Amino acid sequence: MLPHFSSRAFLAPMAGVTDPALRLQCKHMGAGLVVTEFTNIHSIIAKEKQLKEDLQTIQEFIEYSDQERPISVQLFGSDLFALEKAAQIVEPYFDIIDYNMGCPAPHITRQMAGGALLQEINLTQQIFSTLVNAVKKPVSLKIRSGVTDANKFLFREIAEIAEDEGIQMITLHPRTVSQGYSGSADWKMIKELKEISGIPIVGNGDILTPEDAKTLIDETNCDYVMIGRGAMGNPFLFEQINDYLKTASYKEYSFNDRLDSFFDYLHLTSNYKIKFSNIKSQAMRFSKGMKYGSKLRSKITFTKNIVELEKIMKNAYVSS
């Protein structure tokens with residue numbers, strides 16, 4: 001059974017972005033569900049073996065905190081034996097096991113993983129069956145509409161198989177794999193999926209404002225919305241969406257609020273093993289839309305450590 005979600009706005013998994021510090025920040029701002037960055041099933045198995053020898057758990061590899069709950073772990077990879085084993089390794093630590101069939105990145109699709117699986121109907125059915133039978137925790141699925149424009153309605157058959165096999169929730173990003181992030185997400189597909197499904201549907205794609213979230217829910221009747229790029233450097237979006245859905249109004253945040261928020265994020269990173277290059281990238285995202293933001297980002301590029309980064313970001317208060 002799915003856990004209780006405190007809101008209808010979820011944080012999408014994004015490689016190199018949704019680290020445990022940002023997830024926790026989004027959770028504090030009202031995200032109903034957060035999802036780890038997607039993780040290779042073979043890496044989980046290899047790491048667990050290594051960690052066991054050091055009397056450690058997989059939590060050293062996929063870092064998270066209990067304050068993030070409910071938290072979902074996202075897996076990718078299509079080897080059925082490895083999938084079963086990896087799912088059982090992570091199951092004790094997470095509330096939902098999510099399976100990625102949406103990633104359009106070529107280095108993932110070449111491995112017969114992510115979005116490439118949408119056209120492998122038989123393998124997909126085996127994957128769903130394997131996952132659902134391997135664990136007692138609920139299993140969810142993230143998909144794209146299809147691989148190319150010629151087969152952009154593959155999601156219909158995949159969703160039907162998923163529901164038949166016991167998948168408990170589906171997130172649809174209504175772009176094809178070949179589209180990547182270009183063009184517009186076709187929300188009509190989310191509406192169609194909601195109409196044909198008997199399980200909760202999460203709408204994803206092009207949600208950048210509270211108004212977008214409400215429009216998507218109103219137009220498609222989806223149960224939840226999942227925010228990806230709109231939440232980059234903008235954890236306030238969850239609070240704004242939640243308020244807008246309840247009261248049709250929300251608080252606006254200033255550039256200085258954005259800087260405060262970055263320092264909150266920076267403080268949280270000290271609890272985790274997050275690469276400095278990733279923290280720098282987050283600083284870039286938090287500076288988006290700020291006055292003199294491009295100048296600030298060029299300075300961020302040359303920082304070599306946290307102390308230098310903090311100094312530059314503190315100086316930005318003066319010019320914002």
5 angstrom amide H check on M169, placed H, neighbours 5+ away: L141
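For segment 255-319, what does the equivalent ellipsoid look like in terms of its semi-axes, each the square root of 5 times an eigenvalue of the Cα gyration tensor, given largest first in whole Å? Write out the running numbers ahead of the final one.
Details: eigenvalues 64, 33, 19 Å².
Listed largest to smallest, the semi-axes of segment 255-319 are 18, 13, 10 Å.
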For segment 262-267, Karplus couplings with θ = phi - 60° (6.51, -1.76, 1.60), whole Hz, Gly/Pro x: 4, 5, 4, 4, 4, 4
Loop-only chymotrypsin sites (Phe, Trp or Tyr not before Pro) in segment 251-320, please: DSSP not H, G, I, E or B, and at most 10 other Cβ atoms within 10 Å. F302
Nearest 10, in degrees from 0 to 90: the angle of helix 236-247 to the longest Cα principal axis of the chain is 70 degrees
Calculated FRET efficiency for the pair A15/D243, C-beta based, R₀ 45 Å, to 0.05: 0.95
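Going by C-beta contacts inside 10 Å, put S294, S43 in order with the fewest on the left. Each step should come with its number before you reach the end.
Details: S294 9, S43 14.
With the sparsest Cβ surroundings first, the list reads S294, S43.
Can you give the helix-only mean residue ellipticity at 222 nm for the chain, where every DSSP H stretch with n ≥ 4 adds -39500 (n - 2.57) and the sum goes over all residues, rounded to the nearest 500 deg cm²/dmol?
Numbers: 13 runs with 145 residues, N = 320.
One gets -14000 deg cm²/dmol as the mean residue ellipticity at 222 nm.
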How big is the equivalent ellipsoid of segment 187-311 along its three axes, where each semi-axis is √(5λ) from the Cα gyration tensor, reported in whole Å from largest to smallest? 34, 16, 13
Determine ³J(HN,Hα), in whole Hz, for all residues of segment 170-183 in sequence, where each value follows from phi through the Karplus function 6.51 cos²θ - 1.76 cosθ + 1.60 and θ = phi - 60°; x replaces Gly and Pro. 10, 9, 10, 9, x, 10, 7, 4, 5, 5, x, 10, 7, x
Point-to-point label distance, F81-S254, nm (Cα→Cβ direction, 7 Å offset): 6.1 nm
For H4 and E63 in the same chain, what is the full-extension length gain: residue separation times 0.36 nm, less their Cα-Cα distance, in nm? 19.0 nm
Computed for segment 255-319: size of charge dipole around the Cα centre, +1 on C-beta of each Lys and Arg, -1 on C-beta of each Asp and Glu, debye to nearest 20, value 320 debye
Once phi for every residue in segment 31-39 is put through the Karplus expression 6.51 cos²θ - 1.76 cosθ + 1.60 (θ = phi - 60°), the whole-Hz ³J(HN,Hα) values, with Gly and Pro written as x, are 5, x, 8, 10, 10, 5, 4, 5, 10
Return the single residue from I58, I196, I300 with maximal mean-square fluctuation; model: Gaussian network over the chain, springs between Cα atoms under 10 Å. I196
Whole-number D in µm²/s for the chain (Stokes-Einstein; Kirkwood sum over Cα pairs; 10 °C, 1.306 mPa s): 79 µm²/s
What is the projected area of the convex hull of the Cα atoms of segment 1-141, averaged over all directions, in nm²? 8.4 nm²
Roughly how many Å is it from the Cα centre of segment 137-158 to that of segment 78-103, as a whole number? 18 Å
R0 of 51 Å, Cβ-Cβ distance S129-E308: FRET efficiency to nearest 0.05: 0.50
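Any read-out appearing in this document is the output of simple, stated calculations on the displayed coordinates, not a laboratory observation. Everything numeric in this text was worked out from a predicted model, so none of it was measured. Reconstructed Cβ throughout: ideal geometry from the backbone, glycine too, with neighbour counts over all protein chains shown.
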